[in-house]
Amino acid sequence: MRDGFQREVNYLRVSVTDRCNLRCRYCLPPEGVSLLPYAEILRLEEIERIVRAAALVGVKKVRLTGGEPLVRQGLVHLVAMIADIPEIDDLALTTNGVLLSSSLRGLKEAGLKRVNISLDTLRPERFSWVTRGGELKDVWRGIEAALGLGLHPVKLNAVVVKGFNDDEI
């Protein structure tokens, strides 16, 4: 499959939920946003069918995103379903990392290969402020778990905001 510039497209990003366990100031207003009714969110089997169809046209890499994908019920099962598709050779997750340490072993055993973790600051008070109450130590536990279980690579994503965290880069 090729894009409009004739580049090969061999990856698929799948947003498995619109929900999140944080309320980051650059992402959501304090009161939150209207969420899709559960009936309008793709079922795990529908996501698997989409990935299978994409694999038939050359997709080899899948990244699961959200919202926060770790709040999606059945995520470990979905990872296993996608990992069982023979054409898929890379399965990754983008997460805020808060819930990662408690679910990572099951995700890795199901077939997850790598992870991107959003981390905008290394200062606990700033992290709590920007996430409206998140705990930096939870993300650190997730990073340590990912490294300890041998996921590779473990990447960090940061949103740099002038006057907030630009002094940390």
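Relative contact order for the chain: 22 percent, from Cα pairs under 8 Å spaced at least 6 residues apart, divided by residue count.
Hey, which of these cross-link pairs are over 18 Å Cα-Cα: K113/K137; K61/K113; K60/K155; K137/K162?
On the way: K113/K137 23 Å; K61/K113 11 Å; K60/K155 20 Å; K137/K162 24 Å.
Beyond 18 Å: K113/K137; K60/K155; K137/K162.
Using C-alpha pairs under 8 Å with a sequence gap of at least 6, the mean separation divided by the residue count of the stretch 88-147 gives a relative contact order of 46 percent. Residue separation of Y26 and L56 scaled by 0.36 nm, minus their Cα-Cα distance, works out to 7.1 nm of gained length. In the chain, taking the dipole from charged Cβ atoms about the Cα centre, the farthest positive-side position among S102, Q73, N21 is held by S102.
Assuming 0.36 nm per residue, please report the length gained on full extension of the stretch N157 to T65 beyond their Cα-Cα distance.
Value of the extension gain: 31.8 nm.
Backbone amide hydrogens, once placed in the peptide plane, bring R63 within less than 5 Å of L12, R13, V14, A92, excluding anything fewer than 5 places away on its chain. Can you tell which of N157, S128, N116 lies farthest toward the positive end of the dipole of the stretch 112-169, using +1 and -1 charges on the Cβ of basic and acidic side chains (Lys, Arg; Asp, Glu)? Towards the positive end, the residue furthest out is N116. Computed from backbone phi with θ = phi - 60° and the Karplus coefficients 6.51, -1.76 and 1.60, the 3J(HN,Hα) list for the stretch 38-51 is 3, 5, 9, 8, 4, 6, 4, 5, 5, 4, 4, 5, 5, 5 Hz; x is used for glycine and proline. Taking amide H as placed 1.01 Å from N in the peptide plane, the amide H of K155 sits under 5 Å from that of V115, N116, I117, each at least 5 places away or on another chain. The phi torsions of the stretch 65-80, fed into the Karplus equation with coefficients 6.51, -1.76 and 1.60 and a -60° offset, translate into couplings of 9, x, x, 9, x, 6, 8, 6, 5, x, 4, 4, 5, 4, 4, 4 Hz, rounded to whole numbers, with Gly and Pro shown as x. On the beta carbon distance between Q73 and R13, with R0 = 25 Å, the FRET formula returns roughly 0.80.
What's the magnitude of the charge dipole for the chain around its Cα centre, counting Lys and Arg as +1 and Asp and Glu as -1 at the beta-carbon? Answer in Debye, nearest 20. Walk me through the numbers before you get to the answer.
On the way: 24 positive and 22 negative charges, 24 e Å.
Using only the charged Cβ atoms, the result is roughly 120 debye.
Every number in this text was worked out from the coordinates using simple rules, so none of it is lab data. None of these values were measured; they are calculated from a predicted model. Note: ideal-geometry Cβ built from the backbone for every residue, glycine included; neighbour counts use all protein chains shown.
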